[in-house]
Amino acid sequence: MLKAEPKPITSLDATAAFDTARKTQTLLQKIWSYRISYIFIAPFMICFILFIMIPVFAAFLLSFTYFNSLQPPRFVGWDNFRYMISQDLLFIKYALPNTFKFSVIVGPGGYLAAFFLAWLISILPRTSRKWFALAMYSPSLTGGIAMAIVWQPMLSGDRIGYLNSFLLKLGLISEPHLWVTSKEYLMTSMIVVTLWSSMGIGFLAMLAGILNVNSELYEAGKLDGIRSRLEEIWYITIPSMKPQMLFGAVMAIVGTFKAGGIGSQLSGMNPTPEYSGHLIVNHINDYGFIRMELGYATALSVFLLLLMYVANKFCWSLFGTKEDE
């Protein structure tokens with residue numbers, strides 16, 4: 001059998017190889033010239049790769065497997081996602097609707113409340129401003145268990161519960177309500193408690209953004225015909241603090257979607273009464289740490305990550321910097 005003769009190297013191939021080598025050398029020289037900068041960002045990049053990129057990539061891989069933590073992962077393709085959207089009745093009937101209801105109210109509600117409170121605090125005198133800011137921010141420092149301890153006496157279902165006692169004295173109710181152990185009121189209680197603790201780092205960012213708006217813009221706005229505080233907020237304050245608004249929106253989304261333990265902590269039950277406070281995070285914990293079906297729990301986590309990504313893209317479309325700005 002005749003062997004194929006090697007293809008002769010032409011001048012075009014030699015020129016292309018020379019150009020590639022020259023570009024590679026230029027790139028290496030440019031990287032070397034910025035070596036000090038790469039040293040400074042190396043700790044962050046190493047931590048980002050080790051604790052974010054690699055776990056996220058591993059989660060996407062595990063979401064296509066059956067894994068019980070005892071046996072090696074077994075590839076099952078799209079079975080986890082098919083089961084999620086067609087056969088997992090707890091997810092379809094309770095976890096997904098409850099998460100959307102909770103997120104639609106707590107996310108925008110907490111975001112608007114954070115901006116409104118930040119604006120109110122910004123117009124206070126400088127001496128009292130920091131104390132009001134601390135009072136608004138401090139509930140976000142408490143964990144879920146601490147919040148439950150604070151709110152359980154308030155929402156206790158007997159007559160000595162603070163809320164029931166207050167409403168009974170006013171004659172607004174005739175008998176005590178089970179605020180955290182009945183399916184009718186648990187979601188409302190979860191929303192109220194989460195809103196109370198939602199003035200976190202996003203609130204501080206908005207307060208800083210409002211305080212750093214150039215005061216000359218307000219003076220120029222008055223000369224241009226702005227006559228009310230509402231017009232100042234709409235035409236000057238919000239456009240001047242879009243980065244802080246975007247940061248606050250992203251933090252509100254992350255905080256809302258990751259909230260899930262508050263229902264079990266308030267009611268003292270897991271699962272919550274008739275799954276009335278069952279969110280996607282509770283569903284992930286159920287399959288991941290109780291049933292030990294880690295492959296399916298990872299698929300649920302990927303689905304939640306995609307929801308957060310879509311919500312973040314929406315926030316970028318509202319508050320992100322445009323090319324003409």
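The values are calculated or read from the model by the stated rules, or taken from the named source; none is laboratory data. Worth saying up front: this structure is predicted, and the values here are computed from it rather than measured. Every residue, glycine as well, gets a Cβ built from its backbone with ideal geometry; the counts of neighbours run over all protein chains shown. Side chains are part of the model used for accessible areas, which takes the heavy atoms of the whole protein and leaves out ligands, DNA and RNA. Shrake-Rupley method; radii C 1.70, N 1.55, O 1.52, S 1.80 Å.
Observations on the structure shown:
- Residue in the stretch 35-52 that is under 20 Å from Glu293 (Cβ atoms), modelled with pLDDT of 85 or more, not assigned by TED's automatic domain parsing to the domain that holds Tyr287 and not basic (Lys, Arg) present: no
- Of the residues making up the stretch 185-197, those that are touching a residue at least 24 places away in the same chain (Cβ under 8 Å) and either open to solvent by 40 Å² or more (accessible area, probe 1.4 Å) or touching a strand residue (DSSP E or B) at 6+ places or on another chain (Cβ under 9 Å) (or both) are Leu195, Trp196.
- The single residue among Lys242, Lys258 that is open to solvent by 30 Å² or more (accessible area, probe 1.4 Å) and at pLDDT below 80 turns out to be Lys258.
- Contact map, the stretch 279-296: first residue open to solvent by 40 Å² or more (accessible area, probe 1.4 Å), second residue of a type in the set (Ser, Thr, Tyr), Cβ cut-off under 7 Å, separation 6 or more or different chains; pairs are Met292/Ser69; Glu293/Tyr287; Leu294/Ser69.
- Test: Pro153 is under 30 Å from the mean Cα position of the chain (by Cα), open to solvent by 80 Å² or more (accessible area, probe 1.4 Å) and not charged (D, E, K, R): no
- Residue within the stretch 93-105 that is hydrophobic (A, V, I, L, M, F, W, C), more than 30 Å from Thr298 (Cα to Cα) and buried (at least 20 other Cβ atoms within 10 Å of the Cβ) present: no
- Spans of helices (runs of 4 or more DSSP H) in the stretch 92-161 with at least 3 residues aromatic (Phe, Trp, Tyr) and modelled with pLDDT of 80 or more: 96-122, 126-137
- Test set (1) free of Cβ contacts under 8 Å to residues at least 60 places away in the same chain; (2) assigned to a helix (DSSP H, G or I) - Val56 fails condition number: (1)
- Residues that are small (Gly, Ala, Ser) and in contact (Cβ under 8 Å) with a residue 60 or more places away in the chain within the stretch 297-310 comprise Ala299, Ser301, listed in sequence order.
- Residue match in the stretch 227-238 (condition: assigned to a helix (DSSP H, G or I), in contact (Cβ under 8 Å) with a residue 24 or more places away in the chain, β-branched (Val, Ile, Thr) and open to solvent by 20 Å² or more (accessible area, probe 1.4 Å)): yes
- Test result for Phe257, farther than 17 Å from Phe100 by Cα and either among the basic types (Lys, Arg) or assigned by TED's automatic domain parsing to the domain that holds Tyr94 (or both): no
- Look at the stretch 126-139: where a residue is more than 10 Å from Leu204 (Cβ to Cβ) and in the same structural domain as Asn212 (by TED's automatic domain parsing) and a partner is open to solvent by less than 90 Å² (accessible area, probe 1.4 Å) and in a helix (DSSP H, G or I), sitting 6+ places away or on another chain with Cβ atoms under 7 Å, you get Arg129/Ile121; Phe132/Ile121.
- Gly202 meets the conditions (1) part of a helix (DSSP H, G or I); (2) open to solvent by 70 Å² or more (accessible area, probe 1.4 Å); (3) touching a residue at least 40 places away in the same chain (Cβ under 8 Å) in every case but one. The failed one is (2).
- Restricting the stretch 32-73 to residues that are within 19 Å of Asn285 (Cα to Cα) and out of contact with any helix residue (DSSP H, G or I) (no Cβ under 9 Å at 6 or more places or on another chain) leaves a set whose member that is least open to solvent (accessible area, probe 1.4 Å) is Pro55.
- Single residue of Gly288, Gly263 found to be touching a Gly at 6+ places or on another chain (Cβ under 7 Å) and modelled with pLDDT of 80 or more: Gly263
- Of the residues making up the stretch 74-92, those that are surrounded by 18 or more Cβ atoms within 10 Å (Cβ to Cβ) and closer than 26 Å to Gly255 by Cβ number 3.
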